[in-house]
Amino acid sequence: MEKEALDDLSQVIPSDRMYLDLTERYCYSYDASFGEYLPEIVIQPKNAEEISEVVKLANTHKIPVYPRGSGTSLSGGPLPVKGGMVLDMTLLRDKLIIDRENMLAIVSPGVITANIHIKAEEAGLFYPPDPSSSNVATIGGNLLENSSGPKGLKYGTTKEYVIGLEVVTPTGEIIRTGGKTVKNVTGYDLTRLIVGSEGTLGIVTEAIIRLIPKPQSKHTFVAHFNHLIDSGHAITSILSSGILPSAMELMDNACIRAVESYRPSGLPLQAEAILIIEIDGHPLAIEEEINKCADLCRAEGASYVKIAETEEERQTIWSARKSVSPAITQMGPTKISEDATVPRSQIPAMMERLNQIREKYGLNLVVFGHAGDGNLHPNIITDKRNITEMKKVELAVSEIFEAAIELGGTLSGEHGIGTLKSPYMEMELGITGVNMMKKIKKAWDPNNIMNPGKVFPDKGQTRIVLVT
Ligand SMILES: Cc1cc2nc3c(=O)[nH]c(=O)nc-3n(C[C@H](O)[C@H](O)[C@H](O)COP(=O)(O)OP(=O)(O)OC[C@H]3O[C@@H](n4cnc5c(N)ncnc54)[C@H](O)[C@@H]3O)c2cc1C
């Protein structure tokens with residue numbers, strides 16, 4: 001970094017929150033995805049005013065700026081792919097105010113999401129978006145990736161809960177969007193534009209999020225299927241019965257085997273699929289609904305159904321699903337985690353396509369995910385040092401995206417585009433659609449300093465390249 005730029009930044013940020021040593025910068029060169037890029041400098045701002053000054057200087061000196069929460073992105077979102085500066089947002093965590101009367105929370109972006117869950121529940125309220133990473137990830141990262149989790153089926157994704165933002169624009173102005181009201185149709189909906197923009201249109205420094213009443217109770221059951229197709233029919237059958245579960249999670253056979261070898265708990269190794277289904281609401285209503293859902297699974301061919309009778313049994317059912325990430329991480333040093341999503345009626349067809357891809361390339365491909373909303377997580381477990389296998393992975397990943405799009409789906413249901421899916425944007429949106437997005441980016445960020453190298457493909461890039 002040029003001395004002049006460094007001198008200017010030193011006027012705004014004290015030296016104990018500015019990192020230049022290689023050892024200090026190194027851990028910012030990773031996220032939970034595949035890439036590795038070293039930033040030239042890391043800055044830990046404490047408030048919107050500091051960020052505004054830093055961003056103005058970044059425009060003057062044309063320094064790329066990479067906002068970063070906890071770095072758990074699975075799509076390369078916070079990686080400094082063009083060098084420049086990482087803005088570590090985790091020190092902006094002073095505000096977590098629950099406004100019970102207006103049923104909302106005002107939060108700083110560096111607050112860990114699980115803390116919002118806890119505080120909301122203490123007030124008898126509920127913040128539904130529940131990414132599996134919520135004990136680690138920041139609400140800022142959740143907002144910018146538009147994250148969700150099992151509860152997305154019934155309660156929707158993060159964007160459904162964000163009603164106001166404070167944002168430092170890519171040119172350094174501080175603006176407010178939306179507000180505290182549930183209804184707000186004043187002008188363009190900039191809140192929705194920023195949510196899910198992956199840090200390419202500005203830096204969120206405060207958010208107002210909507211809370212809802214906490215469901216009174218919940219019921220959970222697990223169903224085993226010897227045929228994957230039957231689990232797909234069971235999902236459709238339940239969703240068309242008038243019951244809307246709060247979660248419907250699927251694990252395929254490869255996933256069942258991975259979890260069983262990681263932490264043996266008697267999972268059925270011969271089953272092609274396991275479904276975990278949860279219903280929440282009034283205790284009397286959910287009692288009837290859970291039994292009806294279990295019957296529907298049996299009618300569609302479930303070989304075994306177990307309704308949890310106690311909280312301990314409920315936790316045991318969920319522990320299999322929660323073991324998936326650690327279990328598959330043990331299977332190899334490199335995990336390529338995708339989240340291609342299809343209309344839920346196409347889940348059996350997508351599972352079939354994933355099986356074909358697994359066999360064609362002979363890869364360790366494990367599938368689990370939020371079956372109720374069509375958001376599957378095909379994970380390829382590999383070793384990035386194995387160049388021959390990585391070449392196959394590149395082709396397999398491309399075919400996964402092609403399959404999702406052909407089935408009427410999307411590249412990403414919740415992990416975002418980042419660097420890993422950008423080559424495929426035109427496949428889903430067409431060249432005109434991508435160009436409209438590029439015009440918005442250009443209008444907001446004329447110097448292209450805000451998280452450059454994300455979302456949009458580099459010129460001529462049509463396919464992911466994992467090894468060169
Ligand atoms: C084990 C594991 C499980 C996961 N499970 C889920 C899941 O169930 N559902 C799901 O949706 N995701 C999941 N993820 C992905 C990841 O946790 C989410 O994308 C999460 O929202 C990222 O939050 P973060 O704080 O780590 O953000 P980061 O990874 O640091 O950043 C994410 C993006 O947001 C931008 N950003 C961060 N903060 C700001 C800010 N204040 N202003 C502007 N831009 C900002 C970054 O530039 C980047 O583009 C999982 C990841 C792991 C490792």
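The values are calculated or read from the model by the stated rules, or taken from the named source; none is laboratory data. Computed from a prediction, not measured in an experiment: that's the story for all the values here. No Cβ is skipped: glycine too gets one built from the backbone with ideal geometry, and neighbour counts run over all protein chains shown.
Things to note:
- With respect to being of a type in the set (Ser, Thr, Tyr) and in contact (Cβ under 8 Å) with a residue 40 or more places away in the chain, THR200 fits the description.
- Given (1) within 13 Å of the ligand (Cβ to nearest atom); (2) not in a helix (DSSP H, G or I), number of the condition ILE63 does not satisfy: (1)
- Qualifying residue in the range 236-255 (condition: within 21 Å of ALA308 (Cβ to Cβ), acidic (Asp, Glu), free of Cβ contacts under 8 Å to residues at least 40 places away in the same chain and not assigned by TED's automatic domain parsing to the domain that holds THR138): no
- Candidates VAL393, VAL434, VAL366, VAL455, filtered to the one that is surrounded by fewer than 22 Cβ atoms within 10 Å (Cβ to Cβ) and either touching a residue at least 12 places away in the same chain (Cβ under 8 Å) or not in a helix (DSSP H, G or I) (or both): VAL434
- Sole exception among (1) in contact with a helix residue (DSSP H, G or I) (Cβ under 7 Å, 6 or more places away or on another chain); (2) surrounded by 17 or more Cβ atoms within 10 Å (Cβ to Cβ); (3) modelled with pLDDT under 95 for SER132, by number: (2)
- Residue-level check: of (1) in contact with a Lys or Arg (Cβ under 7 Å, 6 or more places away or on another chain); (2) free of Cβ contacts under 8 Å to residues at least 12 places away in the same chain; (3) among the small types (Gly, Ala, Ser), ALA285 misses just (1).
- Residue match in the range 327-335 (condition: surrounded by fewer than 19 Cβ atoms within 10 Å (Cβ to Cβ), out of contact with any strand residue (DSSP E or B) (no Cβ under 7 Å at 6 or more places or on another chain) and either over 23 Å from HIS224 (Cβ atoms) or not assigned by TED's automatic domain parsing to the domain that holds SER134 (or both)): yes
- Hits in the range 413-438 - residues which are of a type in the set (S, T, N, Q) and out of contact with any Phe, Trp or Tyr (no Cβ under 7 Å at 6 or more places or on another chain): THR419, THR432, ASN435
- Answer residue from the range 419-431, given it is more than 16 Å from the ligand (Cβ to nearest atom) and within 24 Å of the chain's Cα centre (by Cα) and is surrounded by the most Cβ atoms within 10 Å (Cβ to Cβ) among those: TYR424
Each row is one residue, and each column tells you yes or no for (1) surrounded by 21 or more Cβ atoms within 10 Å (Cβ to Cβ); (2) in contact (Cβ under 8 Å) with a residue 12 or more places away in the chain; (3) of a type outside the set (S, T, N, Q); (4) assigned by TED's automatic domain parsing to the domain that holds ALA207.
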| site | (1), (2), (3), (4) |
| --- | --- |
| ARG25 | no, yes, yes, no |
| ALA32 | no, yes, yes, no |
| GLU40 | no, yes, yes, no |
| GLN44 | no, yes, no, no |
| ASN59 | no, yes, no, no |
| TYR66 | yes, yes, yes, no |
| SER70 | yes, yes, no, no |
| SER75 | yes, yes, no, no |
| MET85 | yes, yes, yes, no |
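- Screening ARG321, ARG344 for residues that are buried (at least 19 other Cβ atoms within 10 Å of the Cβ) and closer than 14 Å to ALA254 by Cα leaves exactly one candidate, ARG321.
- Tally of residues being touching a Pro at 6+ places or on another chain (Cβ under 6 Å), over 24 Å from LEU420 (Cα atoms) and modelled with pLDDT under 95 across the range 139-180: 1
- For the range 181-268, the helices (runs of 4 or more DSSP H) that sit wholly inside it and include 3 or more residues that are surrounded by fewer than 22 Cβ atoms within 10 Å (Cβ to Cβ), within 16 Å of the ligand (Cβ to nearest atom) and of a type outside the set (Gly, Ala, Ser) are 190-194.
- Some residue of the range 376-390 being in a helix (DSSP H, G or I) and in contact (Cβ under 8 Å) with a residue 60 or more places away in the chain: yes
- GLU173 satisfies every condition listed in (1) surrounded by fewer than 22 Cβ atoms within 10 Å (Cβ to Cβ); (2) of a type outside the set (S, T, N, Q); (3) touching a strand residue (DSSP E or B) at 6+ places or on another chain (Cβ under 8 Å) except (3).
- Candidate set from the range 180-237 (those that are within 30 Å of ASP88 (Cα to Cα) and charged (D, E, K, R)); member that is nearest to the chain's Cα centre (by Cα): GLU198
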